[in-house]
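Laboratory data are not the source of any read-out in this text; all were calculated from the coordinates shown. This structure is a prediction, so every number in the text was calculated from the model and none was measured. Here the Cβ is made from the backbone with ideal geometry for all residues, glycine too, and neighbour counts use every protein chain on show.
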Amino acid sequence: MNDFLKQDIFFFVTTVAVVVLAILLAILIIYIIKISKDVKYISHKAKNEADLISKDLSDLRENVREKGAKLKYFMSFFNNLRKKK
């Protein structure tokens, strides 16, 4: 075999390997982009839900303060009634 034929085979095999690796890299990049979009969507949903939960807890805390104060006066009223008897 002469040297030119060996070089041609080497460059052909190298070219095929580079093309295959480029195709695999492109596929990998496409999957990474799809996964990053899903992660962005999920994190956005989680952020919105966390904000809603925070608002619900804030509302619950406010209701407990209001109703707790009313309950405190209600309980003190009944405690005063029991003490008078």
### Query
What length, rounded to one decimal in nm, is gained on full extension from Ile9 through to Arg61, with 0.36 nm per residue of separation minus their alpha-carbon distance?
11.1 nm
### Message
Below 11 angstrom from the Cβ of Lys55, what's the summed charge of the other residues (Lys, Arg +1; Asp, Glu -1)?
### Response
-4
